[in-house]
């Protein structure tokens, strides 16, 4: 059984008309989950103490203070706040921390957090790329600091490089961060030469149009051997589904079956203890199909 964390608060993060990271994404995720038998849990409100392991207090306060009473506040050209945005972001933090607690405790083997806003572009002191707080990085720090794990891994297969996760965990020698992403593409980071302060960052750039075959070869050649050598006690996934061929923001040309294959292979690591968190994915049909493939595997492997 896979745990699925969601919350009504995620619909309270409202972006301007035409913005790709919009409330309607939640309905697409629910369509993807509709054919699966999963165990549902609500996301608790996140603890600011968890956020402060990755972001300074001034960043948290800057985001909280910028929340408008009505309408939108623009943090940058892509990142907006509405009256419910801070609560939504903190529920995403609470959800992934609860998922980590459940999987580490043995209450479940796999979990998926269907939250928004996403998190992997949020740097230590910069909210950007639709992201406010580094959700998956925060989860990694909780696993290390609260649960005392010695080695955690994050795999980010969003089509965009997880610059925020890399920035927040640049000096964290207990966490391997592996990212596959289209290059060149926003945010412009993710070169092979970016290795982390302790050589614990692995970036795997992929060419536009390279498709699922190139992805599978890259993971078999680079990411899976790195995970095997790392020996993580917990695997976290930044699950962005915007590498799908139908997604409007990029062009890696993956299919839902590629997400199924990749998820299944990732569950071979960390003793099958896997926590996944929604990042990108902006075509409703592609998002629904990809979530169904991804969470379907987490369900099968979570038995």
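Here is a yes/no grid of residues against (1) without any contact (Cβ under 8 Å) to a residue 40 or more places away in the chain; (2) under 24 Å from residue 247 (Cα atoms); (3) out of contact with any helix residue (DSSP H, G or I) (no Cβ under 8 Å at 6 or more places or on another chain); (4) surrounded by fewer than 20 Cβ atoms within 10 Å (Cβ to Cβ):
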{"residue": "41", "(1), (2), (3), (4)": "no, no, no, yes"}
{"residue": "46", "(1), (2), (3), (4)": "no, no, no, no"}
{"residue": "54", "(1), (2), (3), (4)": "no, no, no, no"}
{"residue": "95", "(1), (2), (3), (4)": "no, no, yes, no"}
{"residue": "98", "(1), (2), (3), (4)": "no, no, yes, no"}
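Find the residue count for the stretch 14-38, including only residues that are more than 20 Å from the chain's Cα centre (by Cα) and modelled with pLDDT of 95 or more. Step through it out loud before you land on a result.
As a first pass, look at the stretch 14-38 and keep what is more than 20 Å from the chain's Cα centre (by Cα): 16-18, 34-37.
Checking the rest, the ones that are also modelled with pLDDT of 95 or more come to 16-18, 34, 36-37.
Final tally of qualifying residues: 6.
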Per the filter on the stretch 270-287, residues touching a helix residue (DSSP H, G or I) at 6+ places or on another chain (Cβ under 6 Å), surrounded by 23 or more Cβ atoms within 10 Å (Cβ to Cβ) and closer than 27 Å to residue 128 by Cβ are 275, 277, 281, 287
Tell me which residues, restricted to the stretch 207-235, are within 20 Å of residue 276 (Cβ to Cβ) and touching a strand residue (DSSP E or B) at 6+ places or on another chain (Cβ under 8 Å). 212, 215, 218, 219, 223, 226, 227, 230, 232, 233, 234, 235
If I filter the stretch 99-107 for residues that are at pLDDT 95 or above and part of a loop (DSSP other than H, G, I, E, B), do I get at least one hit? yes
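In the stretch 188-197, is there at least one residue being buried (at least 22 other Cβ atoms within 10 Å of the Cβ), under 30 Å from residue 56 (Cα atoms) and at pLDDT 95 or above? Break it down into steps so the answer makes sense when it comes.
Looking only at the stretch 188-197, we keep the residues that are buried (at least 22 other Cβ atoms within 10 Å of the Cβ), and these are 190.
So of that shortlist, the ones also under 30 Å from residue 56 (Cα atoms) come out as 190.
So of that shortlist, the ones also at pLDDT 95 or above come out as 190.
There is at least one residue in the stretch 188-197 that is buried (at least 22 other Cβ atoms within 10 Å of the Cβ), under 30 Å from residue 56 (Cα atoms) and at pLDDT 95 or above.
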Return yes when residue 65 is under 25 Å from residue 187 (Cβ atoms), modelled with pLDDT of 95 or more and buried (at least 23 other Cβ atoms within 10 Å of the Cβ) and no when it is not. no
What is the one condition in (1) part of a helix (DSSP H, G or I); (2) more than 26 Å from residue 219 (Cβ to Cβ); (3) under 13 Å from the mean Cα position of the chain (by Cα) that residue 133 does not satisfy? (1)
With criteria (1) closer than 17 Å to residue 242 by Cα; (2) in contact (Cβ under 8 Å) with a residue 24 or more places away in the chain, residue 184 comes up short on (2)
Report yes if residue 65 is part of a helix (DSSP H, G or I) and over 29 Å from residue 170 (Cα atoms), otherwise no. no
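Does residue 274 fit the bill of being touching a strand residue (DSSP E or B) at 6+ places or on another chain (Cβ under 7 Å), touching a residue at least 60 places away in the same chain (Cβ under 8 Å) and at negative phi? Lay out the reasoning, then the answer.
Values: touching a strand residue (DSSP E or B) at 6+ places or on another chain (Cβ under 7 Å): yes; touching a residue at least 60 places away in the same chain (Cβ under 8 Å): yes; at negative phi: yes.
Taking the combined requirement at face value, the residue satisfies it.
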Limited to the stretch 100-113, what total is found for residues that are in contact (Cβ under 8 Å) with a residue 24 or more places away in the chain and over 15 Å from residue 44 (Cβ atoms)? 6
Residues (buried (at least 24 other Cβ atoms within 10 Å of the Cβ) and touching a helix residue (DSSP H, G or I) at 6+ places or on another chain (Cβ under 8 Å)) located in the stretch 143-161: 143, 152, 153, 154, 155, 156, 157
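What do you reckon, is residue 138 surrounded by fewer than 24 Cβ atoms within 10 Å (Cβ to Cβ), touching a helix residue (DSSP H, G or I) at 6+ places or on another chain (Cβ under 8 Å), assigned to a helix (DSSP H, G or I) and touching a residue at least 12 places away in the same chain (Cβ under 8 Å)?
On the way: surrounded by fewer than 24 Cβ atoms within 10 Å (Cβ to Cβ): no; touching a helix residue (DSSP H, G or I) at 6+ places or on another chain (Cβ under 8 Å): yes; assigned to a helix (DSSP H, G or I): yes; touching a residue at least 12 places away in the same chain (Cβ under 8 Å): yes.
Considered against the rule, which asks whether it is surrounded by fewer than 24 Cβ atoms within 10 Å (Cβ to Cβ), touching a helix residue (DSSP H, G or I) at 6+ places or on another chain (Cβ under 8 Å), assigned to a helix (DSSP H, G or I) and touching a residue at least 12 places away in the same chain (Cβ under 8 Å), residue 138 comes out as no.
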Residues in the stretch 74-92: is at least one closer than 23 Å to residue 145 by Cβ, modelled with pLDDT of 95 or more and either surrounded by fewer than 22 Cβ atoms within 10 Å (Cβ to Cβ) or touching a strand residue (DSSP E or B) at 6+ places or on another chain (Cβ under 8 Å) (or both)? yes
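Being within 13 Å of the chain's Cα centre (by Cα) and either in a strand (DSSP E or B) or under 29 Å from residue 243 (Cα atoms) (or both) is true for just one of 77, 115. Which residue is that? Talk me through it step by step, then tell me what you get.
Numbers: 77 fails: within 13 Å of the chain's Cα centre (by Cα).
The unique qualifying residue is 115.
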So, in the stretch 2-21, how many residues would count as being surrounded by fewer than 16 Cβ atoms within 10 Å (Cβ to Cβ) and part of a loop (DSSP other than H, G, I, E, B)? 4
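The values are calculated or read from the model by the stated rules, or taken from the named source; none is laboratory data. Predicted, not measured: the structure shown is a model, and the values here were computed from it. A quick note on method: Cβ atoms are made from the backbone with ideal geometry, for glycine too, and the neighbour counts reach across all protein chains shown.
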